[in-house]
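Remarks on the structure that follows.
The values are calculated or read from the model by the stated rules, or taken from the named source; none is laboratory data. Keep in mind that this is a model prediction, so the values were computed, not measured. With ideal geometry, Cβ positions are generated from the backbone for all residues, glycine too; neighbour counts draw on all protein chains shown. What goes into the accessible areas is simple: the full protein's heavy atoms, side chains included, and nothing from ligands, DNA or RNA. Shrake-Rupley method; radii C 1.70, N 1.55, O 1.52, S 1.80 Å.
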Amino acid sequence: MDEELHELRRAVSIKLTVLARLMRNDFDRHVGGIGLTRSQWSLIAVVASRPGATQRQIAELLEMSEASAGRLVDRLVADGLLARTDRADDRRARAVTLTEAANPLLERMSVFARSREERFFRGIAGEDLAKLRDVLDQLHANIYPGLTPPG
């Protein structure tokens with residue numbers, strides 16, 4: 001029985017890895033016309049959901065180095081999509097926020113993401129999605145105890 005469980009876990013692990021790659025590739029193929037990379041879009045989405053986050057917080061949420069997050073923020077600030085402002089609670093930290101110029105892009109990306117999600121999850125009942133979310137949250141907790149899973 002242990003060998004069957006081992007094989008099942010391995011099959012699920014491989015499927016999760018392949019599905020994550022396929023979803024990233026699908027995103028990259030279909031979003032090219034908007035002019036953003038997946039990394040840039042991910043950062044914009046984080047800032048939209050957590051306005052005023054610091055560069056360090058953004059880096060942690062995206063599981064990337066602070067330097068990499070800083071380069072992405074710099075690029076998006078230069079493009080006029082993000083702004084850095086002083087934080088009242090910590091003079092050393094800067095808050096990152098969306099600019100008005102980012103709103104149309106954010107709306108386009110939200111529509112795009114919704115259409116991709118509808119395709120990805122077609123035929124899967126809401127209760128099954130809720131169970132899947134719970135299982136994925138448990139996997140996240142096993143890997144990162146004490147860290148709240150994204151989403």
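Could you point to the label whose value was computed as mean projected area of the Cα convex hull in nm² for the structure here, given [x] 9.3; [y] 11.4; [z] 17.4?
[y]
Give me a comma-separated list of calculated 3J(HN,Hα) values for the stretch 26-36, in order, Karplus coefficients 6.51, -1.76, 1.60 applied at θ = phi - 60°, integers in Hz, x for any Gly or Pro.
4, 4, 4, 5, 8, 9, x, x, 7, x, 10
When the helix-only estimate is applied to the chain (DSSP H runs of n ≥ 4, each -39,500 (n - 2.57), divided by the residue count), what is the mean residue ellipticity at 222 nm, nearest 500 deg cm²/dmol? Numbers along the way, then the final one.
Details: 6 runs with 100 residues, N = 151.
The per-residue figure over the chain is -22000 deg cm²/dmol.
Sorting check: for 74-81, 135-142, 36-43, 117-124, which peptide has the highest mean count of neighbouring beta carbons within 10 Å, and how do the rest follow? Spell out each step's value before the answer.
Numbers: 74-81: 15.0, 135-142: 12.4, 36-43: 17.6, 117-124: 9.6.
So the order, starting with the most tightly packed, is 36-43, 74-81, 135-142, 117-124.
Could you tell me which of rounded, prolate or oblate describes the stretch 61-106, using a ≥ b ≥ c as the square roots of the eigenvalues of the alpha-carbon gyration tensor, with rounded for a/c under 1.5 and, failing that, prolate when a/b is larger than b/c and oblate otherwise?
Values: a/c = 1.99, a/b = 1.21, b/c = 1.65.
Judged from the Cα gyration tensor, the stretch 61-106 comes out oblate (a/c at least 1.5, b/c at or above a/b).
What whole-number value in Å² describes the accessible area per residue of the chain for a 1.4 Å probe? Don't skip to the answer; put the middle values down first.
Working: 10790 Å² over 151 residues.
Spelled out: the 1.4 Å probe surface of the chain, per residue, equals 71 Å².
Given axes a ≥ b ≥ c from the Cα gyration tensor, I'd like to know whether the stretch 79-146 is rounded (a/c under 1.5), prolate (a/b larger than b/c) or oblate. Show your work: numbers first, answer last.
Values: a/c = 4.53, a/b = 1.46, b/c = 3.11.
Here the stretch 79-146 falls in the oblate category.
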